[in-house]
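Handing you a structure now.
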Amino acid sequence: MASSSPAVTTLRRNGADILVEALERCGVRDVFAYPGGACMEIHQELTRSPTIRTHLLRHEQGEAFAASGYARASGRPGVCIATSGPGATNLVTALADAHLDSVPLVAITGQVPRCMIGTGAFQETPVVEVTRPVTKHNYLVLDVDDIPRIIKAAFFLASSGRPGPVLVDIPKDIQQHMAVPSWDTPMQLTSRYIARLPEQPATDLLEQVIHLAAEARRPVLYVGGGCSASGDELRRFVELTGIPVATTLMGLGNFPSDHPLSLRMLGMHGTVYANYAVDKADLLLAFGVRFDDRVTGRIEAFASRAKIVHIDIDPTEIGKNKQPHVTICADVKLALQGMNALLEGSIGEKNFYYRDWCLKLEQKKIEFPLGYQTFGEAIPPQYAIQVLDEMTNGEAIVATGVGQHQMWAAQYYTYRRPRQWLSSGGLGAMGFGLPAAAGAAVANPGVAVIDIDGDGSFLMNIQELAMIRIENLQVKVMVLNNQHLGMVVQWEDMLYKANRAHTFLGNPEKESEIYPDFVTIARGFSIPAVRVAKKSKVRAAIKEMLETPGPYLLDVIVPHQEHVLPMIPSGGSFKDTILDEDGRTLH
């Protein structure tokens, strides 16, 4: 029986039991799992754990996305467990997603017995080899005595430095073997990894950054997902310097988007004023970012007038896409703490004068606000999100799928704190929203969690309605249903004269009908659901959704002609910004 009590460590126990206690010792309280033949032993022991709760998703991809949502919303490593073969390969997309978005995840997979590895046995896949390019590290456990050491190392690796996913593959016979666990065995991490862990940032480098900020007249903070653990320090730095802040998609919430110095999101679908600020800046402070192509567009034109300071925890990201003038490889939190201490001391007497710059940016906010058109009673998707933002006071945790709805949710909801926004940024994995919302709800009991989804993304993991119903989670699903793959349709409108190439998701024989019927499907899962198709009904429908206890689905019918704007075309620059275009133009 699994136990965290040191008194029972002299007893011989099977590997699965040792594994569960190892998880308990690492502070695990929730795991997301789906059982199968090669991990039955683990599930049997999980039923005996006094502290770990197992959450049964209905697909392995769903469980891994739920673990990711849990980690993103809490900062603690998410844990998922799957069987061998197809169970393990179904985790791959979510592992790749976590790898690109720096999410701490520990995935445990069952494997066929050691004697059958390499024989092409039933449900055998070399998951260590399959996942090596999309994990931070992975292990194949070949000795039951290694389980405590490997599990401890897996959690350390997932959480230290730049976070990421770690996979542990455990053959079934290892799970069954008997042993007396040793809990104090060293992790045996490589010296190379330890050497790459960032140290306290050097004071002279931090002083150099402050001097550059004092000399600048048009500075901008470019803030990414790497600042998710340093929201308080970031806000203090902005208070001390008065530098305006633009955030990436992954950085939403790390600085309050309704703050007077917030420029909201930059990049392909960022605000005009955020992209203008970066284009005209003479100093770009890039904190916890990786100069992703959806932010930079044409890289040589991005912040071309600015000196660039890049602070990041991962040395491989510095200079990879854009060469900075000053580099600091460090935890952004420690760097901000160090700079704030200097600013609060004698060095803080420096004059940071950006009044003219901030007034110019305020003018740009007035000149180029986010906006949309209305057409009678048709529901603008942006309007639905604005109403949701108003009625939740911007306090909900928001998860999304991938596509137009994701960008509108980024643009029109107010994010005031880190870990409030959950989205598949680097990989752009459809199907992320619902299971990620479920994981976030597990990590934050009693907090409203809303999955703003598209009909295409929602359908990819719709089976997880079962999990949120069975656990009665406070997950509300608002589907912006345009019956199309909306973002691909937008690109078809722009690049292919609106020729539809398999992007209509409805029933071609009955195009006027909504297909599939999400309301009926939700009710099949015993989840209350309503469809709304008129703008005048949106507010009342959202009110009912928010006031109904437990899970709820609201199917919001929106026009497929709507485009996400503004937009900088792929490979373009600020001067190529598109402000006024939609799919209603005849080609």
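For segment 367-406, report the convex hull volume of the alpha-carbon atoms normalised per residue, in Å³, without decimals.
107 Å³
Same structure again: Can you give the Rg/Rh ratio of segment 54-179, where Rg is from the C-alpha atoms and Rh is the Kirkwood radius?
For segment 54-179, the value is 0.95.
Among all helices in the chain defined by DSSP H, which have a length of 27 Å or more along the axis from Cα atoms plus a Kyte-Doolittle mean of at least 1.0?
Flagged H segments: there are none.
A follow-up question, please. In segment 358-420, what GluC sites (Glu not before Pro) fall in a loop by DSSP, with at most 12 other Cβ atoms inside 10 Å?
Those satisfying the criteria are GLU377, GLU395.
Over the chain, calculate the relative contact order: mean separation of alpha carbon pairs under 8 Å at least 6 apart, over the residue count, as a percent.
Reported as a whole number, the value is 13 percent.
Follow-up question, since we're still on this one. What do you get when you divide the Cα radius of gyration of segment 423-526 by 2.2 N^0.38 Å, with N the number of residues?
The reported ratio for this selection is 1.20.
Rounded to whole Å and sorted largest first, list the principal axis extents of the Cα atoms in segment 252-364.
Ordered largest first, segment 252-364 gives principal extents of 39, 37, 27 Å.
Set the Förster distance to 51 Å, then compute FRET efficiency between ILE470 and ALA195 from the Cβ-Cβ distance, nearest 0.05.
It comes to 0.65.
Positive end of the dipole of segment 469-587, charges at C-beta (+1 Lys, Arg; -1 Asp, Glu), about the Cα centre: which of ILE514, THR503, PRO551 has its Cα farthest in that direction?
PRO551
What is the extension gain from THR54 to THR203, computed as 0.36 nm multiplied by their sequence separation minus the C-alpha to C-alpha distance, in nm to one decimal?
My answer for the length gained is 49.1 nm.
Cα centroids of segment 272-292 and segment 42-105: how far apart, whole angstrom?
35 Å
Could you list the trypsin sites (Lys or Arg not before Pro) in segment 293-383 that lie in coil according to DSSP, counting only those with at most 13 other Cβ atoms within 10 Å of their Cβ?
Within segment 293-383, the qualifying trypsin sites (Lys or Arg not before Pro) (loop, at most 13 other Cβ atoms within 10 Å) are ARG305, LYS320.
Suppose only helical runs count, i.e. DSSP H with n ≥ 4. What mean residue ellipticity at 222 nm does that imply for the chain under -39500 (n - 2.57) per run, divided by all residues and rounded to the nearest 500 deg cm²/dmol?
Calculated from helices alone, the mean residue ellipticity at 222 nm is -10000 deg cm²/dmol.
Under the 0.36 nm per residue contour assumption, what length would be gained going from the current alpha-carbon distance of ASP173 and HIS325 to full extension?
49.3 nm
Here's a follow-up. Which percent of Cα pairs goes in each bin when the distances of segment 529-570 are cut into 5 angstrom slices starting at zero?
For segment 529-570, the binned pair fractions read 5, 19, 23, 15, 13, 11, 9, 5, 1 percent.
Taking 7 Å along the Cα-to-C-beta vector as the label spot, tell me the ASN393-LYS510 distance in nanometres, rounded to one decimal.
With each label placed 7 Å out from Cα toward Cβ, I get 4.4 nm.
Express the C-alpha Rg of segment 40-111 as a ratio against the empirical globular expectation 2.2 N^0.38 Å, rounded to two decimals.
1.07
Over all directions, average the projected area of the Cα convex hull of the chain and note it in nm².
So the mean shadow area of the Cα hull is 27.9 nm².
Treating the beta-carbon of each Lys and Arg as +1 and of each Asp and Glu as -1, no other charges, what is the dipole magnitude of segment 302-356 about its Cα centre, to the nearest 20 debye?
280 debye
Show me the trypsin sites (Lys or Arg not before Pro) within segment 533-587 that DSSP assigns to loop and that have at most 13 other Cβ atoms within 10 Å of their Cβ.
Here the trypsin sites (Lys or Arg not before Pro) that fit, given the DSSP loop and packing criteria, are LYS534, ARG584.
How large, in percent, is the carbon and sulfur part of the accessible surface of the chain at a probe radius of 1.4 Å?
Within the chain, the accessible surface is 52 percent carbon and sulfur.
If you don't mind, there's one more thing I want to ask. Which cross-chain or sequence-distant (5 or more) residues have an amide H under 5 Å from the amide H of LEU167, H modelled 1.01 Å from N in plane?
Placed amide hydrogens put ALA107, HIS137, ASN138, TYR139 under 5 Å from LEU167.
Relative contact order of segment 503-558, please, whole-number percent, based on alpha carbon pairs below 8 angstrom and at least 6 residues apart.
Answer for segment 503-558 is 33 percent.
Using the alpha-carbon centroid of each, what span in Å lies between segment 16-33 and segment 189-256?
If we compute the Cα centre of each part, the gap is 34 Å.
Hey, can you find the accessible area per residue of the chain for me, probe 1.4 Å, expressed in square angstrom?
It amounts to 39 Å² per residue over the chain.
How long are the semi-axes of the equivalent ellipsoid of segment 299-376, defined as square roots of 5 times the Cα gyration tensor eigenvalues? Whole Å, largest first.
Here the semi-axes work out to 31, 22, 14 Å.
The values are calculated or read from the model by the stated rules, or taken from the named source; none is laboratory data. This is a predicted model, so every value here is computed, not measured. Virtual Cβ from ideal backbone geometry, glycine too; neighbours counted across all protein chains shown. SASA here: full protein model, heavy atoms, side chains in, ligands and nucleic acids out. Shrake-Rupley method; radii C 1.70, N 1.55, O 1.52, S 1.80 Å.
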